[in-house]
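**Student:** Please read through the structure below; I'll follow up with questions.
The values are calculated or read from the model by the stated rules, or taken from the named source; none is laboratory data. These numbers were taken from a predicted model, which means no experiment stands behind them. We place every Cβ from the backbone using ideal geometry, glycine too, and count neighbours over all the protein chains shown. These area figures cover heavy atoms from the full protein model, side chains too; ligands, DNA and RNA do not enter into them. Shrake-Rupley method; radii C 1.70, N 1.55, O 1.52, S 1.80 Å.
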Amino acid sequence: MATFMDLNIMNCTDVKKLQSIIEMAAHLGYSAVAINHVAAFEKKKTEIGKPLCPADLFPSPPTVQGKSTPIKILTRLTIIASDPSHYNTLRSTSTLTRPYDIVAVYPKTEKLFHAACTSIDVDVICINVTEKAPFFFRRPPISAAIERGIFFELIYTPAIKDSTLRRYTISNALNLMQTCKGKNIIISSGAERPLELRGPYDVATLKTAFGITYTVKKPQVVEDEGSAEEPVSKKAKKE
């Protein structure tokens, strides 16, 4: 049986809302979710605290729809980086990232994107879907990231909220897909409310709409006219 995960459930101070989102995810068939704590160093006094303890959120996590197992709750840290100094937190020696199950980065410039692909110790690189990409996706850094086991993340909630954001989402997704040939791409919700979640198979359909699923046209075999078999209707008339 397939296992589905949503690795971007936005953290919030409203515990009941967060519980409702996770309950909805379990109802839709997700086996695991990641609660995403975002650290935007562009803002002053940004601090990275300890991740939310899943046991405090759910002493008894909800059961996944169609399965007898409870949903697994992971913790995630996403760094929004607009300056090279912001990557100091992501060094392997940093004690701030160790408590988190998943570490992601959202690079705002091409230089930072290149560094994230080639040298920074992260699990996920977030791709902007709310505006036109500020730089082109180049194959060498993306290939390096794929070799290092790093995944590129696209979120789908902007695409279901606004037609303009939908165009940006599809455009940026297509550009990324063409460069990485569909490899190491994950689709997450980035949900802040239960109603923003979509089921795994709906997301799979959306993934196809983004153009990440390839279709290959089967080549036609041209036969020699002399060796081609006659249609059954002509055979019947001759007999």
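**Student:** Among (1) in contact with a His (Cβ under 9 Å, 6 or more places away or on another chain); (2) surrounded by 13 or more Cβ atoms within 10 Å (Cβ to Cβ), which single condition is His27 missing?
**Tutor:** Of everything listed in (1) in contact with a His (Cβ under 9 Å, 6 or more places away or on another chain); (2) surrounded by 13 or more Cβ atoms within 10 Å (Cβ to Cβ), His27 misses just condition (1).
**Student:** I'm trying to understand the selection: among the residues of the range 143-153, which are open to solvent by less than 90 Å² (accessible area, probe 1.4 Å) and of a type in the set (Asp, Glu)?
**Tutor:** The answer is Glu153, and nothing else.
**Student:** Then there's this: Might you let me know whether the range 159-171 holds any residue that is open to solvent by 90 Å² or more (accessible area, probe 1.4 Å), assigned to a loop (DSSP other than H, G, I, E, B), within 27 Å of Ser31 (Cα to Cα) and modelled with pLDDT under 95?
**Tutor:** no
**Student:** State which residue is nearest to the chain's Cα centre (by Cα) when the search covers only the range 180-199 and only residues that are more than 19 Å from Ser20 (Cβ to Cβ) and buried (at least 16 other Cβ atoms within 10 Å of the Cβ).
**Tutor:** Per the stated criteria, the residue is Ile187.
**Student:** Please work out if Thr179 is at pLDDT below 95, in contact with a helix residue (DSSP H, G or I) (Cβ under 6 Å, 6 or more places away or on another chain) and not in a helix (DSSP H, G or I).
**Tutor:** Spelling it out, it is not the case that Thr179 is at pLDDT below 95, in contact with a helix residue (DSSP H, G or I) (Cβ under 6 Å, 6 or more places away or on another chain) and not in a helix (DSSP H, G or I).
**Student:** Taking the range 29-57, which residues are at pLDDT 90 or above and among the aromatic types (Phe, Trp, Tyr)?
**Tutor:** Within the range 29-57, Tyr30 is the sole residue that qualifies.
**Student:** Follow-up question, since we're still on this one. Report yes if Thr179 is in contact (Cβ under 8 Å) with a residue 12 or more places away in the chain, among the hydroxyl-bearing types (Ser, Thr, Tyr) and out of contact with any Phe, Trp or Tyr (no Cβ under 6 Å at 6 or more places or on another chain), otherwise no.
**Tutor:** Taking the combined requirement at face value, the residue does not satisfy it.
**Student:** Could you list, in sequence order, all residues of the range 134-170 that are among the polar types (S, T, N, Q) and under 24 Å from Leu197 (Cα atoms)?
**Tutor:** If the condition is that a residue be among the polar types (S, T, N, Q) and under 24 Å from Leu197 (Cα atoms), then Thr157, Ser163, Thr164, Thr169 are the ones that fit.
**Student:** Out of the range 182-202, which residues are touching a helix residue (DSSP H, G or I) at 6+ places or on another chain (Cβ under 6 Å) and of a type in the set (D, E, K, R)?
**Tutor:** Listed by number, the residues that qualify are Lys183, Glu196.
**Student:** Out of all the residues in the range 104-142, which are crowded, with 19+ Cβ neighbours inside 10 Å and in contact with an Asp or Glu (Cβ under 6 Å, 6 or more places away or on another chain)?
**Tutor:** Listed by number, the residues that qualify are Val124, Cys126.
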